[in-house]
Every structure is written in structure tokens, then in C-alpha cells.
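K.L.:
Following this message is one structure expressed as C-alpha cells.
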Amino acid sequence: MDAELKRLSEKVREAARSKTGLRLRGGGTKDFYGQALEGEVLDTRGLSGIVAYEPSELVVTARCGTGLAEVEAAMRERGQMLAFEPPHFARFGSGSSTLGGAVAAGLSGPGRQAAGALRDFVLGVKIMDGRGEVLTFGGQVMKNVAGYDVSRLMAGSLGTLGIILEASLKALPLPVAEATLRLELPEDRAIEQLNRWGGRPLPITASAWTGHDLAIRLSGAAAAVKEACGKIGGERVEVGQARRFWDGVREHADPFFRNDAPLWRLSVPSTTPPLRLQGEQMIEWGGALRWLYSHADARTVREAAKRAGGHATLFRGGDKAVGVFQPLAPALMRIHREPKREFDPQGIFNRGRMYPDL
């Protein structure tokens with residue numbers, strides 16, 4: 001590993017001296033996400049392997065190039081999981097999703113509704129900054145609070161601040177029992193019900209509505225799942241079919257995602273009523289996440305999200321000239337620039353991946 005770290009450090013130092021952009025890349029499964037890709041590819045898969053995993057401590061630490069599937073398989077053998085269900089998106093890349101790429105992208109799957117976002121599970125990171133130096137933040141135990149802010153800053157940074165060499169993530173036990181229910185409800189009724197259930201002690205861990213069809217996943221103790229099934233009602237889905245459905249939602253393999261229109265990701269308050277935007281929608285996370293396939297112009301989509309108190313991201317496809325992420329106010333852009341200058345003074349890492357001038 002020392003040889004691989006030395007190789008990366010030399011490449012980074014050389015790029016900093018010549019002010020040449022570097023494009024950090026693992027399996028390439030998230031290449032579609034963000035602004036246009038720039039710079040010489042720097043493959044991070046040479047740093048791989050699980051560094052430490054102690055199930056009793058509920059923490060797993062692995063190097064950036066470790067396959068996400070490898071990490072999840074090791075945890076599954078010990079009855080644990082990454083509860084935020086990070087998407088692999090393997091069909092969108094030429095390789096397998098890596099742990100470093102998952103943290104850098106900061107994306108969470110259906111489980112985010114109950115468990116929280118990927119950022120909430122990052123306990124510590126080891127990174128290489130734009131000077132080629134190795135820095136460590138956070139720790140490998142849940143009670144360690146030192147450096148949490150910097151560790152979580154790396155989640156969703158899309159590699160613009162540095163190379164995530166290692167990451168320590170919190171693990172949670174696999175649920176003892178699970179059930180998926182389907183109900184026929186129009187969009188407004190589905191949103192109302194999701195928020196009503198959200199205010200009650202029900203073990204709902206995922207939800208997805210599209211085309212008058214609402215799916216609810218219940219996870220936890222067998223008695224709690226059974227009782228919740230009786231309270232919610234609907235049709236119970238066969239176990240294998242349910243697993244395929246939630247995997248399809250997580251990996252964007254569900255029939256809903258077979259669409260050639262630009263895909264928008266709208267984050268809004270869960271109580272937001274139907275947005276009445278042109279196109280097809282899927283609603284996740286109890287109403288807080290709205291996937292929208294639409295040819296509507298960016299201003300229309302973003303203004304609808306802003307009126308609701310949220311924001312919109314051009315997740316996949318479309319014209320990236322409109323800006324993939326919600327434009328930032330000048331004050332917020334200054335806040336973004338400060339850590340960029342600190343960690344990457346020459347601006348070599350993933351130039352323009354988040355914002356063209358960052």
C-alpha cells in the first residue's frame with residue numbers, strides 16, 4: 001500500500017506543480033453525475049481492501065478502491081448492513097462501484113427515509129489533499145466526535161476536495177423481519193398517508209409511489225412488522241418480488257427509470273403537495289424525494305422546488321449548461337470556495353465537477 005500511496009502522492013504533486021487537472025475515478029459508475037468531466041484520469045482502485053471490521057463496534061473501515069459489493073458482503077455475513085443503502089449504479093459504468101466513490105458521491109438509496117443519509121454514517125476519513133499530503137479526520141468508534149465535520153464534508157464533495165483514501169462507516173444490524181405492502185392511491189392521497197404514517201411509531205424503512213401505486217417497506221422485529229401490516233393494510237408483496245423491486249429503485253433499474261427524458265432529483269419537505277410539473281414522477285423518502293423525468297426547462301423545475309422550500313438537481317441526462325446543481329447565492333459560493341482553497345490550493349481535483357467556477 002505504501003507504494004500505491006507514493007504513486008498517488010507523486011501524481012498529485014506533479015499536477016499541483018504544473019496546475020494540471022486530475023479526474024479522480026474508481027469504477028466510473030457515477031461519471032454521469034455532476035458537470036462535465038475534466039482532467040487526466042487518476043485511478044484510485046489500487047488502494048483496496050477492508051482495513052478493519054469489528055461487528056461488535058458497528059464500524060467498518062475500508063480503502064477507497066474497495067468494491068462496495070465486497071464491503072456489503074462482508075457485513076452481510078455478520079448480520080449487518082449499510083442502512084442508507086448506497087446505490088451501486090454498476091450498469092452506468094465500466095467497472096464496479098467503490099467505497100470511495102460512494103462516499104464522494106454522497107448518494108443514499110431507499111433506506112435513507114428511516115436510517116438517514118450517507119453523510120450521517122461517516123465516522124472518519126483519511127484523505128490526500130492537493131499537496132500530496134495524507135490527512136486523517138474523525139475516528140473508528142461511534143463515540144469519537146473529533147473531526148466529524150471535516151469527515152462529513154467529504155461526503156458528497158464529488159472528489160473536489162481530495163482523494164478519499166479510507167473511510168470508516170457506521171454499521172447497523174440487518175432487520176429480523178421485513179414486509180412490503182402495495183396500495184392504490186393517487187399522488188395527493190399517497191403524500192398525505194406517508195406523512196400521517198411518518199408521525200406514528202411504525203417501522204417504515206422505505207416508500208415509493210408512482211402511477212397510483214404506493215409501495216411501503218416495513219423492517220424490524222417480527223411482531224412490530226406484523227402489527228404494522230395490519231394497521232396499514234394493502235396487498236402484501238412476495239419476498240423475492242419485493243427485494244427485486246427495492247433493488248430496482250435503489251439501482252435505477254425499475255421500469256420507471258427507463259425513460260429518455262432528463263432526470264431531475266427534487267429534494268423538498270415531505271409534506272409538499274403534488275408539484276404539478278410536466279413529466280413522470282416517483283416519490284420516495286416519505287414524500288421528501290421526487291424523481292422527475294421531464295423536458296420542462298430548468299427554470300420551471302427549480303422554481304417549483306424553491307417555492308416548496310427545496311432544491312432541484314439535474315441528476316442524469318439533459319443539457320448540463322443549465323447547471324447540474326442548484327445555483328448558489330454569492331455568500332454560499334464563498335463558503336464553498338474556502339475549503340476548496342484549503343484542501344486543493346491549485347484547484348487540480350475534479351475541476352468544475354460541482355460548479356463550473358469551483
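The values are calculated or read from the model by the stated rules, or taken from the named source; none is laboratory data. Predicted model only: the values in this text are computed from it and were never measured. Backbone-built Cβ (ideal geometry, glycine too); neighbour counts: all protein chains shown. What goes into the accessible areas is simple: the full protein's heavy atoms, side chains included, and nothing from ligands, DNA or RNA. Shrake-Rupley method; radii C 1.70, N 1.55, O 1.52, S 1.80 Å.
K.L.:
With a 1.4 Å probe and all protein chains kept in place, how much accessible area does TRP285 have, in Å² rounded to the nearest 10?
P.N.:
30 Å²
K.L.:
Next up: Once the dipole of the stretch 1-80 is set up with Lys and Arg at +1 and Asp and Glu at -1 on Cβ about the Cα centre, which of THR44, LEU68, VAL12 lies farthest towards its positive end?
P.N.:
About the Cα centre, the residue reaching furthest to the positive side is VAL12.
K.L.:
Still on this structure, I have one more. Determine the per residue accessible area of the chain with all protein chains present and a 1.4 angstrom probe, expressed in square angstrom.
P.N.:
45 Å²
K.L.:
In the structure shown, do any of LYS30/LYS306; LYS170/LYS226; LYS126/LYS340; LYS170/LYS320; LYS231/LYS306; LYS126/LYS320 have a Cα-Cα gap over 23 Å, and if so which?
P.N.:
Details: LYS30/LYS306 26 Å; LYS170/LYS226 28 Å; LYS126/LYS340 17 Å; LYS170/LYS320 34 Å; LYS231/LYS306 35 Å; LYS126/LYS320 31 Å.
Violating the 23 Å Cα-Cα cut-off are LYS30/LYS306; LYS170/LYS226; LYS170/LYS320; LYS231/LYS306; LYS126/LYS320.
K.L.:
Magnitude of the Cβ-charge dipole of the stretch 293-358, K/R +1 and D/E -1, about the Cα centre, nearest 20 debye? Could you put the intermediate results ahead of the total?
P.N.:
Values: 12 positive and 7 negative charges, 12 e Å.
I would put it at about 60 debye.
K.L.:
Take GLU4, GLU184, GLU70 and sort them by solvent-accessible surface of the protein heavy atoms, 1.4 Å probe, largest at the top.
P.N.:
GLU184, GLU70, GLU4
K.L.:
May I ask you to give the percent of accessible area on the chain that is carbon plus sulfur, with a probe radius of 1.4 Å?
P.N.:
Here it works out to 50 percent.
K.L.:
Moving on to the next point. With +1 on each Lys and Arg Cβ and -1 on each Asp and Glu Cβ, how big is the dipole of the stretch 220-358 about its Cα centre, in debye rounded to the nearest 20?
P.N.:
For this selection, approximately 280 debye.
K.L.:
Pairwise over distinct Cα atoms, reciprocal of the mean inverse distance: report the Kirkwood radius of the stretch 225-341 in Å, one decimal place.
P.N.:
Working: mean 1/r = 0.0609 Å⁻¹.
Its Kirkwood hydrodynamic radius stands at 16.4 Å.
K.L.:
Pick out, from ASN259, ALA321, ALA242, the residue whose Cα sits farthest towards the positive end of the charge dipole of the stretch 202-358, with +1 on the Cβ of Lys and Arg and -1 on the Cβ of Asp and Glu.
P.N.:
ALA321
K.L.:
Just the number, please: Stokes-Einstein D of the stretch 4-44 in µm²/s, Kirkwood Rh from C-alpha pairs, 20 °C, 1.002 mPa s.
P.N.:
This corresponds to a translational diffusion coefficient of 194 µm²/s.
K.L.:
So for the chain, taking the charge dipole from beta-carbon charges (+1 Lys/Arg, -1 Asp/Glu), which of PRO339, LEU107, ASN350 sits furthest toward the positive end?
P.N.:
PRO339
K.L.:
How large is Rg over Rh for the chain, taking Rg from the Cα atoms and Rh as the Kirkwood inverse mean of 1/r across Cα pairs?
P.N.:
0.97
K.L.:
Can you compute 3J(HN,Hα) from phi for each residue in the stretch 262-277, using the Karplus curve 6.51 cos²θ - 1.76 cosθ + 1.60 with θ = phi - 60°, rounded to whole Hz and x for Gly and Pro?
P.N.:
x, 9, 9, 10, 9, 9, 9, x, 4, 7, 4, x, x, 7, 6, 9
K.L.:
Note the direction-averaged projected area, equal to a quarter of the hull surface, for the Cα convex hull of the stretch 70-117, in nm².
P.N.:
On the way: hull surface 14.4 nm².
Dividing the Cα hull surface by four gives the mean projection, 3.6 nm².
K.L.:
To the nearest 20 Debye, how big is the dipole of the chain about its Cα centre, given +1 on the beta carbon of each Lys and Arg and -1 on that of each Asp and Glu?
P.N.:
560 debye
K.L.:
So what's the Cα pair-distance distribution over the stretch 150-249, bin width 5 Å, in %?
P.N.:
Bins of 5 Å from zero give 2, 11, 19, 18, 13, 10, 10, 10, 6, 1 percent of pairs.
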